[in-house]
Amino acid sequence: MYTQAMDTLAREGGQDAGGADETAALADAARQRRFDAAIDDGGFIEAKDWMPESYRKTLVRQISQHAHSEIVGMLPEGHWIARAPTLKRKAILLAKVQDEGGHGLYLYAAAETLGTSRDQMLDALHGGKAKYSSIFNYPTLTWADMGVIGWLVDGAAIMNQVPLCRCSYAPYARAMVRICREESFHQRQGYESLLTMMREGTGAQKAMVQDAVDRWWWPSIQMFGPPDSDSPNSGTSMRWGIKRFSNDDLRQKFVDATVEQARILGVTLPDPDLRWNEARGHWDFGAIDWDEFWNVVGGHGPCNAERLQARVDAWEEGAWVREAALAHARKREAAAAALPAEPLAA
Ligand SMILES: [Fe+2]
Ligand SMILES: [Fe+2]
């Protein structure tokens, strides 16, 4: 962890260049030991604490990708706000999409504590350099997609994100506590909406739910990322307490929880190899099409270009709002500076 004493040690060192190098190296080693000890104790790292550059870079990449996913994730559902079947469903969807925007903002703020600016992060997104969750590159074709996104996509997100509430980087962990509470509402509203269609709906509405499940199931289980055998950075992230469970463990947990929910709903999960394995105590599932996953991650999914264009357009069309807010702030500053100074208290 960061302390003033460590800085003093570094400054007091070097009388000559060689001595300074040696003292700096000793100080770095001491900082690294403190950082490692904090991580080993299950402690938290705060923004002002010393951290290795690779830890900082990993977090900036992960948190900014997470923020971008929340913001891009507003698009497929935002499309259905004006098409919601009832006022109640419209109000729920509106609140959910607004929550996702809020999640993006908490996360951009958490990433900023690591020394990256929001402009840098948005430039990377708009330039196509930064990634976001590949799930949002699929189209939302029917109203049932809103329910299935809540149930499966937010459900998978919760499974991924609950362990992040104990992530070793404290500003990220704190943001995740609030986000997870809201994600839980998202998952339930989706499931409840599907349950209503399956219990009270027409044959066509039930078929619409099944069709949505068929389209979203495989992309949802791909959300946990590549298999552990193909995820070389996972080990380091687990060592640092950023990640607590492997991709495959979380995926299995999600499948196990979802099979029973599908049964209650009365839908079939589109996997002929899905069966209970008594010996493992888990559900076995079929082979995941990783070529499709990498194709979508690589920018060639059905909606990649459309999603990115929508973000770039929103940024450009919102320029006047940012300029007006800055002009207003400058005017207030100038007015405050022109006021006579407060008289000193007697
Ligand atoms: Fe979210
Ligand atoms: Fe959500």
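The values are calculated or read from the model by the stated rules, or taken from the named source; none is laboratory data. It should be emphasised that the depicted structure is a prediction, and the values quoted were computed from it without experimental measurement. Cβ atoms come from the backbone with ideal geometry, glycine included; neighbour counts cover every protein chain shown. Protein only, heavy atoms only, side chains kept; ligands, DNA and RNA dropped before computing areas. Shrake-Rupley method; radii C 1.70, N 1.55, O 1.52, S 1.80 Å.
The table below lists the values:
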| read-out | value |
| --- | --- |
| Protection-proxy order for peptides 41-51, 183-193, 318-328, each taking the mean of Cβ atoms within 10 Å per residue, highest first | 183-193, 41-51, 318-328 |
| Carbon plus sulfur fraction of accessible area for the chain, probe 1.4 Å, in percent | 57 |
| Cα-based convex hull, the chain, per residue volume (Å³, whole number) | 226 |
| Lys/Arg +1, Asp/Glu -1 at C-beta; the chain dipole; positive extreme among ALA170, GLY43, TRP143 | TRP143 |
| Accessible solvent surface per residue of the chain, calculated while the other protein chains remain in place, 1.4 angstrom probe, Å² | 53 |
| Filtered GluC sites (Glu not before Pro), the stretch 237-315: DSSP coil and at most 13 other beta carbons within 10 Å | GLU278 |
| Cα gyration tensor category, rounded, prolate or oblate, for the stretch 68-167 with a/c compared to 1.5 | prolate |
| Relative contact order [Cα under 8 Å, 6+ residues apart], the chain, whole percent | 16 |
| Angle between the chain longest axis and helix 203-222 axis [Cα atoms, degrees, rounded to 10] | 40 |
| Reachable lysines, given that their alpha-carbon falls under 23 Å from the alpha-carbon of LYS88 and they are not under 8 places away in the same chain | LYS96, LYS206 |
| Sorted peptide list for 113-125, 164-176, criterion being average Cβ within 10 angstrom, highest first | 164-176, 113-125 |
| Charged-residue dipole, Cβ positions (Lys, Arg, Asp, Glu), the chain about Cα centre, Debye nearest 20 | 960 |
| Rounded if a/c under 1.5, otherwise prolate or oblate - the stretch 109-196, Cα gyration tensor axes | oblate |
| Spread of Cα-to-Cα distances over 5 Å intervals beginning at zero, given as percent, for the stretch 64-122 | 4, 20, 25, 17, 13, 10, 7, 4, 1 |
| Degrees between helix 170-200 axis and first principal axis of the chain (Cα, 0 to 90, nearest 10) | 10 |
| Segment SER231-ARG244, extension gain: residue separation times 0.36 nm, minus the distance between their alpha carbons | 3.2 nm |
| In degrees, nearest ten, helix 247-265 long axis to first principal axis of the chain (Cα) | 40 |
| Approximate spin-label separation ALA95-ALA30, in nm, with each point projected 7 Å along Cα-to-Cβ | 5.3 |
| Set of lysines with alpha-carbon distance to LYS57 below 28 Å, sequence-local pairs under 8 removed | LYS48, LYS129, LYS131, LYS243 |
| Gyration tensor verdict on the stretch 89-145 (Cα atoms; rounded if a/c is under 1.5, prolate if a/b is larger than b/c, oblate otherwise) | oblate |
| Helical contribution to [θ] at 222 nm, DSSP H n ≥ 4, -39,500 (n - 2.57), averaged over the chain, rounded to 500 | -21000 deg cm²/dmol |
| Of LEU250, ALA207, LEU114, farthest towards positive along the dipole that unit charges on Lys, Arg, Asp, Glu beta carbons give the chain | ALA207 |
| Within-15-Å neighbourhood charge of VAL177 [Cβ basis; K, R +1; D, E -1] | +2 |
